[in-house]
Amino acid sequence: MKEWKDPILLILGIGISNIGNWIYFVAINLLVLNITGSAAAIAGLFIIRPLAILLTNTWAGSVIDRVNKRKLMIWIDLIRGIFIATIPFFTSLFPIYILMFLTNIAGSFFGPASETYIAKLIPPEKRKRFNSFFSFATSGAMLVGPSVSGLLIMYGSINTSIYLNAVTFFFCAAAISFLPDVDREEGKEKYVDNSITLKMIATDWKAVADFGKAAVGFMVVFMIFQFITLISYALDSQEVTFIQQVIGLSEKNYGLLVSLTGAGYVAGSFAVSALASRLSIRTLLGLGSLLSVIGYFMFFLASSETVPLAVFGFIVIGFFSPFSFTGYTTFFQNNVPIELMGRFSSAFAFFQSMVQIVLTLLLGYLAEVIELQTATIGFSVIGLLLAITLTSIVFLQSKKNLFVLESERNIN
């Protein structure tokens, strides 16, 4: 059990932060909706993050792979906490967007840095089980966060929820500070003595491209999964509007519906944690992705007369998302070299952000031009076709060593 002390502390820190993120997610959507009453303004919330990534991720990976990940993660959480705590002081949309943009600039470093840190901290044979526990913590955040936010909004205010999110970032920074410094222990810590140069960035992008050429099978699965995820993000941007305008639920019922998704996620995470040693990566990744997208399709088929279908769809999304998350995360960790992981994640996050902006704006435009439900069902069908393709490739492809533990075998 002692060997799990550090992983559990990491899960606790990021898990508490995720609870704050879900509290904030519900609060900021309602805050912007109350200020503007506009579906386009809500969609704008989902574009801020990819815009921040576009600004930073051409060079962020070059920094991440050369600095101390633990120290970087601590500073990022402190900065995000300060920015979030400032939002309630403003009542107009523009400064709120600016603060969210700055928060996401800082956050664009955290994901790739934490991925690399986790890959160094957790040995390959324990990653699938760790990822299942991490998924369980994330599911708890999905369940607890919206519920807490609903109570805070009901008995306090939206601003109270936002302040609490800031506190969770500070807590996460404190938890990370107690974790081991894996860069120092491995003797591989690389401090950036000079400014990042264009030549250095070009060299790093070439290294990512060379890896992609050497790992074609991995890249095919990776790209399809990313497109499925991006379509899901675009659909998420219209959830609040869809729930209120098509299904006809109130703000409080929206929070309840999100909580039901969290309950499904908790159940799914528990199932993955219990079955992690019995389920293959291909099963987790393939079937988990397919069934998650089916949940989206069911949800957007619902109407005010078929509310139970929407509820069931949300539960299906929640239950099977931990399967795809655990499968994909383990698949990624086992196939991308640790020394390249930060640059790889950042480089592709750049392209993912461009696609996410296009898909989100396109769905928002189609929702205005044609019926919202027609547009969202169309996107769900595209996601479903991609998920069927992914599942077929995962189970039928011949290069089976993509799904074993030893990453060295996967890039030969």
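The values are calculated or read from the model by the stated rules, or taken from the named source; none is laboratory data. Computed from a predicted structure; not experimentally measured. Positions of Cβ are backbone-derived with ideal geometry, glycine not excepted, and every protein chain shown enters the neighbour counts.
At a glance:
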| read-out | value |
| --- | --- |
| Tally, over the stretch 386-397, of residues that are outside any helix (DSSP H, G or I) and under 21 Å from the mean Cα position of the chain (by Cα) | 0 |
| Yes/no for Leu260 being assigned to a helix (DSSP H, G or I) and surrounded by 22 or more Cβ atoms within 10 Å (Cβ to Cβ) | no |
| Residue within the stretch 183-206 that is part of a helix (DSSP H, G or I), modelled with pLDDT of 85 or more and closer than 30 Å to Ser324 by Cβ present | yes |
| Yes/no for Leu55 being under 17 Å from Ser345 (Cα atoms) and assigned to a helix (DSSP H, G or I) | yes |
| Residue within the stretch 69-76 that is among the basic types (Lys, Arg), surrounded by 18 or more Cβ atoms within 10 Å (Cβ to Cβ) and either at pLDDT 85 or above or more than 21 Å from the chain's Cα centre (by Cα) (or both) present | yes |
| Residue in the stretch 138-151 that is among the polar types (S, T, N, Q), within 18 Å of the chain's Cα centre (by Cα) and either surrounded by fewer than 18 Cβ atoms within 10 Å (Cβ to Cβ) or over 25 Å from Tyr24 (Cα atoms) (or both) present | no |
| Unique residue being touching a Ser or Thr at 6+ places or on another chain (Cβ under 6 Å) and of a type in the set (Phe, Trp, Tyr) when the list is Phe90, Phe94, Phe46, Phe25 | Phe46 |
| Lone unmet requirement of (1) out of contact with any Ser or Thr (no Cβ under 8 Å at 6 or more places or on another chain); (2) within 20 Å of Phe169 (Cβ to Cβ) for Ile64 | (1) |
| The stretch 339-373: number of residues that are closer than 16 Å to Ala234 by Cβ and acidic (Asp, Glu) | 1 |
| Residue list for the stretch 127-167, restricted to those being free of Cβ contacts under 8 Å to residues at least 12 places away in the same chain and either assigned to a helix (DSSP H, G or I) or hydroxyl-bearing (Ser, Thr, Tyr) (or both) | Leu151, Tyr155, Ser157, Thr160 |
| Count of the stretch 292-326 residues which are surrounded by 24 or more Cβ atoms within 10 Å (Cβ to Cβ), at pLDDT below 90 and among the hydroxyl-bearing types (Ser, Thr, Tyr) | 2 |
| Residue in the stretch 39-48 that is within 21 Å of Ala113 (Cα to Cα), of a type in the set (A, V, I, L, M, F, W, C) and in contact (Cβ under 8 Å) with a residue 40 or more places away in the chain present | yes |
| Some residue of the stretch 50-66 being among the charged types (D, E, K, R) and within 20 Å of Ala141 (Cα to Cα) | no |
| Residue within the stretch 280-291 that is closer than 25 Å to Thr360 by Cβ, surrounded by fewer than 22 Cβ atoms within 10 Å (Cβ to Cβ) and either out of contact with any Pro (no Cβ under 9 Å at 6 or more places or on another chain) or not polar (S, T, N, Q) (or both) present | yes |
| Residue, surrounded by the most Cβ atoms within 10 Å (Cβ to Cβ), within the stretch 88-121, restricted to residues that are in a helix (DSSP H, G or I) and of a type in the set (Gly, Ala, Ser) | Ala113 |
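Listed here are the residues, each with its yes/no results for (1) in contact with an Asp or Glu (Cβ under 9 Å, 6 or more places away or on another chain); (2) at pLDDT 85 or above; (3) hydrophobic (A, V, I, L, M, F, W, C).
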position	(1), (2), (3)
Val221	no, yes, yes
Gln226	no, yes, no
Leu230	no, yes, yes
Ser237	no, no, no
Ile247	no, yes, yes
Leu256	no, no, yes
Val266	no, no, yes
Ser269	no, no, no
